[in-house]
1. From (1) of a type in the set (Gly, Ala, Ser); (2) buried (at least 20 other Cβ atoms within 10 Å of the Cβ); (3) without any contact (Cβ under 8 Å) to a residue 24 or more places away in the chain, pick out the condition that doesn't hold for Ser315.
2. Tally the residues that are in contact with a helix residue (DSSP H, G or I) (Cβ under 9 Å, 6 or more places away or on another chain) and farther than 28 Å from Leu313 by Cα, restricting the search to region 100-138.
3. Please pick out the residue among Ser222, Ser301, Ser213, Ser228 that is touching a Lys or Arg at 6+ places or on another chain (Cβ under 8 Å), among the polar types (S, T, N, Q), surrounded by 13 or more Cβ atoms within 10 Å (Cβ to Cβ) and in contact (Cβ under 8 Å) with a residue 40 or more places away in the chain.
4. For region 12-30, check the following and say yes or no: at least one residue is in a strand (DSSP E or B), under 13 Å from Ser119 (Cβ atoms) and either modelled with pLDDT of 80 or more or not assigned by TED's automatic domain parsing to the domain that holds Ser119 (or both).
5. Looking only at region 76-98, how many residues end up being surrounded by 14 or more Cβ atoms within 10 Å (Cβ to Cβ), charged (D, E, K, R) and at pLDDT 95 or above?
6. In region 180-202, which residue that is under 24 Å from the mean Cα position of the chain (by Cα) and at pLDDT 95 or above is nearest to Glu155 (Cα to Cα)?
7. What is the number of the single condition among (1) closer than 13 Å to Ala157 by Cβ; (2) of a type outside the set (S, T, N, Q); (3) touching a Ser or Thr at 6+ places or on another chain (Cβ under 8 Å) that Leu237 does not meet?
8. Picking from Lys220, Lys192, which residue would you name as being closer than 30 Å to Asp263 by Cβ and out of contact with any helix residue (DSSP H, G or I) (no Cβ under 6 Å at 6 or more places or on another chain)?
Amino acid sequence: MSGDASLHKVLIVGSGPAGLTAAIYAARANLAPLVIEGEPSSTSDQPGGQLMLTTEVENYPGFPDGIMGPDLMLRFREQASKFGATFITAKVTKVDFSQRPFHVFVGSTKYSAASIIISTGAQSLMLGLEDELRLVGHGLSTCATCDGFFFRNKEVAVVGGGDSALEEAMFLTKFASKVVLIHRRDSLRATKIMQERAFKNEKISFLWNSHVSKIHGHSKLSGVEVTSTIDGSRSNLDIDGLFVAIGHRPNTDLFKGILDMDDNGYLRTVVGSTATNIEGVFACGDVQDHTYRQAITAAGSGCMAAMDCEKWLESQHS
């Protein structure tokens, strides 16, 4: 195989807030990290991660007037580059962590590294409808915490039936005038206590045995078509916002059978650390966090991964 003959001290796979923050810290520690940032696509393993699919970010500290998601990620990248991080815009196709140095492959090209930081993120499961991705950030969202504020005194809908969907719906009642929860069955999967809270909330109504079959809107979402799962009848729902809460999928296919994962595919890290089960391999951001999933928490864990990695590298030479 052809390859990069040089040995990198740190190789970072992925480039969302976690990976780019790890790159900033590693670069400032003179570790000259190589970042394989992914390739442009419609999913969250693209350069910059899920924030590349969002519009205005108003909850990231330091930007009181808000900032566009892609602009924020560009600033992260420029800062990492300024301190000495280098970038390859490509998708990792295979990894070999069976021995050190570790090997990461992009097609037939091999990159070798003394340590690895994984920040491949997670992607929100979508409905698979036409125009869905085009309207993300324009009335369609996968994160109430991120975007709920934009729907003050407006009518919105949430798709899903688990705890996450009910948490989204409950949060949205702080802003929206009305929240409709659309579920394809006649009962919820959510825990009983979450169901009780939702049923008691006067702002939440339920549309049972239904699924969203079409999204309306050109430059902005203006409503949805809902189809009955019982008789196939269709109706239109006029709403200003649609929140898809049917789950997340971590981007961990590369690491199956190599790194420890939980039942949902998220990488397991040592409590109080970003270390994985393989010494010298660290994980940060949404690829190992299924609880918070925010840019700021991803950035924080990226900082932790770089510091854990630096300390581990130093221990190898002592």
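1. Result: Ser315 passes all but (2).
2. Count: 6.
3. It is Ser213.
4. yes
5. 1
6. The qualifying residue nearest to Glu155 (Cα to Cα) is Leu181.
7. For Leu237, the exception is condition (3).
8. Lys192
The values are calculated or read from the model by the stated rules, or taken from the named source; none is laboratory data. The structure presented is a predicted model; accordingly, all values stated were derived computationally and were not measured. We place every Cβ from the backbone using ideal geometry, glycine too, and count neighbours over all the protein chains shown.
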